[in-house]
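Report on the structure given below.
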Amino acid sequence: MNNIKNFWNSGLTGKIIIAGAGLLMLCCLCSIPILIFSPSTSLFAPVTTAPTLAFATQVEIPTQIVLPTNTPEISNTPELILTETPQGSTPDTGCAFCNLECPSSQEGIDFCVADPQLVADQALFEATLKAYCDSKGADFCKVLVWTDRQYLPSSLPMTDVQLNNEVADYSLNRVTGNACFILLSAGGVIYQSEGCFG
């Protein structure tokens, strides 16, 4: 105790050191009750553990996938379906769904259904319609095309709904050598070949 008193009387430095040590001790003593009675650290709450599930089972996850060895090969041979003639195939163009079917006609006009994939390829579509007309052998050929069978007319005149859903109009005149290919959308012309202007 005399040492502390002598240190206190030694000057300003001694007083600051003693006061600092006292404050440190006071902080330590005050923080213990704060930790004990703080709501976030409850010393008296019961300890709970997660329940174990009696029905839990272990699942083994496979790490290797075995592919079948007998997978069928896909052929890319497009088919052209012609009216009044057996099915014939067009040259191999890589289009597996390029069918054209013409189930009805009236007064030399054929009403046909084409796959949407065929209609999307303008050059192939025009070549398919030309091949169809060439196969008929008549001096004049006219083909009207839809992609949805429900709008396909069986005879003339056509309804407004049928006209609005028509996708193409193709005509070939063997006498003049003139061929006209027209693409349609919602009843309007979106493309005409040069043969339509001659």
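Filter segment 185-195 for residues that are in a strand (DSSP E or B) and either hydroxyl-bearing (Ser, Thr, Tyr) or open to solvent by 30 Å² or more (accessible area, probe 1.4 Å) (or both) and give the result. Those that are in a strand (DSSP E or B) and either hydroxyl-bearing (Ser, Thr, Tyr) or open to solvent by 30 Å² or more (accessible area, probe 1.4 Å) (or both): Ser185, Val189, Ile190, Tyr191, Gln192.
Scanning segment 132-144 for residues that are farther than 14 Å from Leu183 by Cα and open to solvent by less than 40 Å² (accessible area, probe 1.4 Å) yields a count of 3.
Answer yes or no: is there a residue in segment 145-165 that is part of a strand (DSSP E or B) and either modelled with pLDDT of 90 or more or open to solvent by 60 Å² or more (accessible area, probe 1.4 Å) (or both). Within segment 145-165, one or more residues are part of a strand (DSSP E or B) and either modelled with pLDDT of 90 or more or open to solvent by 60 Å² or more (accessible area, probe 1.4 Å) (or both). Scan segment 128-144 for residues that are in a helix (DSSP H, G or I) and basic (Lys, Arg) and jot them down. Passing the criteria: Lys130, Lys136.
Do we have Phe125 as touching a residue at least 12 places away in the same chain (Cβ under 8 Å) and either outside any helix (DSSP H, G or I) or open to solvent by 80 Å² or more (accessible area, probe 1.4 Å) (or both) here? Against the criterion (touching a residue at least 12 places away in the same chain (Cβ under 8 Å) and either outside any helix (DSSP H, G or I) or open to solvent by 80 Å² or more (accessible area, probe 1.4 Å) (or both)), Phe125 does not qualify. In the set Ser135, Ser104, only one residue is hydroxyl-bearing (Ser, Thr, Tyr), modelled with pLDDT of 65 or more and out of contact with any Ser or Thr (no Cβ under 6 Å at 6 or more places or on another chain); that residue is Ser135.
Out of curiosity, is Phe111 outside any strand (DSSP E or B), of a type in the set (Phe, Trp, Tyr) and surrounded by 14 or more Cβ atoms within 10 Å (Cβ to Cβ)? It is false that Phe111 is outside any strand (DSSP E or B), of a type in the set (Phe, Trp, Tyr) and surrounded by 14 or more Cβ atoms within 10 Å (Cβ to Cβ). If you go through segment 167-177 and keep only what is assigned to a strand (DSSP E or B) and either under 14 Å from Leu100 (Cα atoms) or open to solvent by 70 Å² or more (accessible area, probe 1.4 Å) (or both), you end up with Val167, Ala168, Asp169, Tyr170.
The values are calculated or read from the model by the stated rules, or taken from the named source; none is laboratory data. Owing to the predicted nature of the structure, the values given are computational and were not obtained by experimental measurement. No Cβ is skipped: glycine too gets one built from the backbone with ideal geometry, and neighbour counts run over all protein chains shown. Calculation scope for accessible area: heavy atoms of the full protein, side chains included, ligands and nucleic acids excluded. Shrake-Rupley method; radii C 1.70, N 1.55, O 1.52, S 1.80 Å.
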